[in-house]
Each structure stands twice: as structure tokens, then as C-alpha cells.
Amino acid sequence: MQFESLSEFFAMGGYGFYVWLSFGSCSAILLAVFLSSLRDSKKLRNEVRAQMRREERIKKAKQQEQA
């Protein structure tokens with residue numbers, strides 16, 4: 001579909017509000033999912049590191065008890 005001007009492109013034949021609202025809401029949702037995934041992966045990495053440190057401390061404590 002061709003448009004004569006930029007304003008006609010944004011108007012989308014009278015459906016511009018719905019078209020741009022759907023694009024905007026979809027973009028916002030995708031951005032929120034992306035940021036949530038980044039936050040969750042960082043939290044998970046920190047939890048794994050903490051678990052590894054705990055296991056290492058337990059292992060060292062058991063070795064010292066045996067010695």
C-alpha cells in the first residue's frame with residue numbers, strides 16, 4: 001500500500017490509532033519480557049554462585065572434621 005504523505009502513513013486510512021496502539025503495546029510487552037528475562041537470569045546466576053560457595057564451605061568443613 002502506498003501513501004501520499006507521512007501523515008497519511010500514520011493515519012493508516014483512519015485506523016492509525018488502533019494500528020499504532022497495537023504496535024506500541026506489543027513493543028512494550030516484548031521489552032518487558034526481555035528485561036524480566038535479563039533480571040531473572042542475573043538472579044539465577046547469583047543463586048547458583050551462592051549455592052556453589054555453600055557447597056564448597058561444607059566440603060571444606062567435612063575435610064577438617066576428618067583431619
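The values are calculated or read from the model by the stated rules, or taken from the named source; none is laboratory data. Please read these numbers as outputs of a predicted model, since none were measured by experiment. Ideal geometry is used to build each Cβ from the backbone, glycine not excepted, and the neighbour counts take in all protein chains shown. Calculation scope for accessible area: heavy atoms of the full protein, side chains included, ligands and nucleic acids excluded. Shrake-Rupley method; radii C 1.70, N 1.55, O 1.52, S 1.80 Å.
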Fraction of alpha-carbon pairs over 18 Å apart in the chain - percent:
67 percent
Under a point spin-label approximation (7 Å from Cα along Cα-to-Cβ), what is the Asn46-Ala61 distance to one decimal in nm?
2.3 nm
Check cross-link reach from Lys42 to the lysines: straight Cα distance under 30 Å, and skip same-chain residues fewer than eight apart.
Lys59, Lys60
In degrees rounded to 10, the 0-90 angle between helix 16-66 Cα long axis and the longest Cα principal axis of the chain is 0 degrees
Accessible surface, the chain, averaged per residue in Å² (probe 1.4 Å):
95 Å²
Need one value: the accessible area of Lys59 in square angstrom, 1.4 angstrom probe, rounded to the nearest 10.
110 Å²
For the chain, with only Lys/Arg (+1) and Asp/Glu (-1) charged at the beta-carbon, what is the dipole magnitude about the Cα centre, in debye rounded to 20?
980 debye
Farthest toward the dipole's positive end in the chain, which of Ser37, Ser22, Val48, given Cβ charges of +1 (Lys, Arg) and -1 (Asp, Glu) about the Cα centre?
Val48
DSSP-assigned coil residues among chymotrypsin sites (Phe, Trp or Tyr not before Pro) in the chain, each with at most 14 further Cβ atoms within 10 Å:
Phe3, Tyr15
Got a sec? What order do Arg39, Arg49 fall in by accessible area at 1.4 Å, biggest, i.e. largest, first?
Arg39, Arg49
Carbon plus sulfur fraction of accessible area for the stretch 3-67, probe 1.4 Å, in percent
64 percent
Please give the length that would be gained between Arg39 and Arg54 if that part of the chain were fully extended, namely 0.36 nm times their separation in residues minus their C-alpha to C-alpha distance (nm, one decimal).
3.1 nm
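Sort Glu55, Glu8, Glu65 from largest to smallest accessible area, using a 1.4 Å probe on the heavy atoms of the protein chains.
Ranked from most to least accessible, the order is Glu65, Glu55, Glu8.
Between Ser22 and Leu6, what length comes free when the chain is fully extended (0.36 nm per residue of separation minus the Cα-Cα distance, one decimal in nm)? Please list the in-between numbers first.
On the way: separation 16, 0.36 × 16 = 5.76 nm, distance 1.91 nm.
Answer, rounded to one decimal: 3.9 nm.
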